Amino acid sequence: MSIFKPNMAKNRNVVEFPKKFNYIKVGLFSILSSLNAPPGTSTEEHNVFCAQIVNYLLGDGLQKPETDLPIEAQELIIKVQPSIPKQAKDLMSSANKEFRETIVYTLRMRLVVNQLLHGTEWLETYEGKNVWALLQDYGLEFPEEVSPKMFDTIVARVANQVNKLNSK
């Protein structure tokens, strides 16, 4: 039985996915950026690094900085990017199970939704290739198929973690 109903483009799970995906992105950034920055790292550099790690682990890869950013921010992004793949791998090796599970099931949901909307051609896009490669590296640990209910649970878990951070 399909976890999505007919007329996928209008399916609530498909329509709501971008909002939930962005919430997870922001939530994971909040969680990572709340950790202490390595000695000698400015808060700004730490935040840029955390944002790049989250973008990378959620399949956005290493992209050129937006041209509307201040030059200093663009330079900082370019400075940290070479270390991102190794740092992301190290993070996935050392992170707790819930963090790894959040990454894997968010990638799976992104894959499902984008294939429903754009067909298998989406796998040939930059993001599609990134998502697929990350799932090849990390997906085996979590063999259960993603479902909208499971994804909602993951979104709620991230929200709870962010709320705990904000209440400190």
Among Lys64/Lys164; Lys25/Lys164; Lys20/Lys89; Lys20/Lys129; Lys64/Lys97; Lys97/Lys164, the pairs whose Cα-Cα distance exceeds 26 Å are Lys64/Lys164; Lys64/Lys97
In the neighbourhood of Glu101 defined by beta carbon distances under 15 Å, the net charge of the other residues (Lys, Arg +1; Asp, Glu -1) is 0
From the Cα centre of the range 114-168 to that of the range 69-112, the distance in Å is 13 Å
Under a Gaussian network model of the chain whose springs join Cα atoms within less than 10 Å, the largest fluctuation of Asn55, Asn96, Asn47 belongs to Asn96
In order over the range 134-151: 3J(HN,Hα) from phi, Karplus 6.51/-1.76/1.60, θ = phi - 60°, whole Hz, x for each Gly or Pro, gives 5, 5, 5, 6, 10, x, 4, 5, 10, x, 5, 5, 6, 9, x, 5, 4, 5
With +1 at each Lys and Arg Cβ and -1 at each Asp and Glu Cβ, the charge dipole magnitude of the range 12-166 around its Cα centre, to the nearest 20 debye, comes out at 400 debye
If each K or R counts +1 and each D or E counts -1, the residues other than Asp90 whose Cβ falls under 14 Å of its Cβ total +2
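None of the figures in this text is laboratory data; all of them are computed from the coordinates on show. All values reported here derive from a predicted model rather than from experimental measurement. Counting neighbours? That spans all protein chains shown, and the Cβs are built from the backbone with ideal geometry, glycine included.
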